[in-house]
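The values are calculated or read from the model by the stated rules, or taken from the named source; none is laboratory data. Only a predicted model underlies this, so the values are computations on that prediction, with no experimental measurement involved. Note that each Cβ is placed from the backbone with ideal geometry, even for glycine, and that neighbours are counted across all protein chains shown.
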Amino acid sequence: METEPVHHVKWPIYVLIVVLAAATVVTAGYLYHEKQQNQELTSTNQSLGATLSQLKSELDLVKDHLAAQPPARATAVQEKQPQPAKARSAKSARANAQPPKDDPRFGQLQGQLSDQQKLLASAREDLDQTRDDLGKTRDDLGKTRDDLQGNIDSTRGELSGSIARTHDELVTLQKRGERNYYEFQLNKGKAFERVGPLRVSLRKADAKHKRFDVNLMVDDNELQKKSVNLYETVWLNLSDRPQPLELVVNQITKDHIAGYLSEPKYKKSELEQTANSSGAPVDAKASQ
């Protein structure tokens, strides 16, 4: 009696194939996931690089802008003028290139931007303070210059026989009998007015800073005197005067000045004639 062969089921081979296939699928999925993460990291790095480059360019532009003009005026101009197309496009690109907010590098970048803004604000305050200090220094220098000029004019006046600051002082000088004095009142204009041997035209009167500009006709020549201070003596030499003329303004108001002009009492020709007549020889026969 023949026995039938027994067929053993080779199930371990099928199990192994299934396990290998599953391992292959899992490995492929893991590799795909790693590839996706690498792509996301690469994209994030590129975005951060573009953002940092854009921020650096904008900071350079801000620094150049602050160096080119005063901060207050620059801020006002920026508030009044609309943003240019390039700035709007740069802002849009920066907004699109922002990294995910859950990335820790995003917080670090914000901190750096905040520090830069604080530095710029501090630099702007320093510039404002420096500008104010320069303005005060300029005013102090102007005041010191005016004081020195006043002292110089006062000393010069004392050496030359004093100047008259009022009408009563002018009367006192006239009583000395050494010079002729002519008082005048001038309004701003291009017309010339006669003052003693001169013709004078007031072109500018600065009542705040006590200065004035005048044009003078001296020996048919027109002269300009600018930024003359109150009580400052203007010396004028004439060909027929042994000493210079003195023009002094002792009052400055809006578009108006008042003062006087003094000249030597005698001309050169009169002094020479007097000297010649006093030194002429006397005829002895005529006196007998």
For region 176-184, does any single residue satisfy the condition of being within 35 Å of the chain's Cα centre (by Cα) and surrounded by 17 or more Cβ atoms within 10 Å (Cβ to Cβ)? no
(Q) Scan region 89-105 and tell me whether some residue there is more than 24 Å from Trp235 (Cα to Cα), at pLDDT 70 or above and surrounded by 10 or more Cβ atoms within 10 Å (Cβ to Cβ). (A) yes
Note: among Leu271, Leu247, just one is under 18 Å from Val195 (Cα atoms), surrounded by 10 or more Cβ atoms within 10 Å (Cβ to Cβ) and either modelled with pLDDT of 90 or more or over 52 Å from the mean Cα position of the chain (by Cα) (or both), namely Leu247
Of the listed residues (Asp255, Asp220, Asp206), the one being among the acidic types (Asp, Glu) and free of Cβ contacts under 8 Å to residues at least 40 places away in the same chain is Asp220
Checked region 187-213 for anything within 22 Å of Asn237 (Cα to Cα) and of a type outside the set (Lys, Arg); matches are Phe192, Glu193, Val195, Gly196, Pro197, Leu198, Val200, Ser201, Leu202, Phe212, Asp213
In region 202-237, anything of a type in the set (Asp, Glu) and under 25 Å from the mean Cα position of the chain (by Cα) is listed as Asp206
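Quickly run through region 18-73 and pick out the residues that are farther than 30 Å from Arg131 by Cβ and among the acidic types (Asp, Glu). Spell out how you get there, then give the answer.
So the first thing to find is which residues in region 18-73 are farther than 30 Å from Arg131 by Cβ, and the list is 18-54.
Selection gives Glu34, Glu40.
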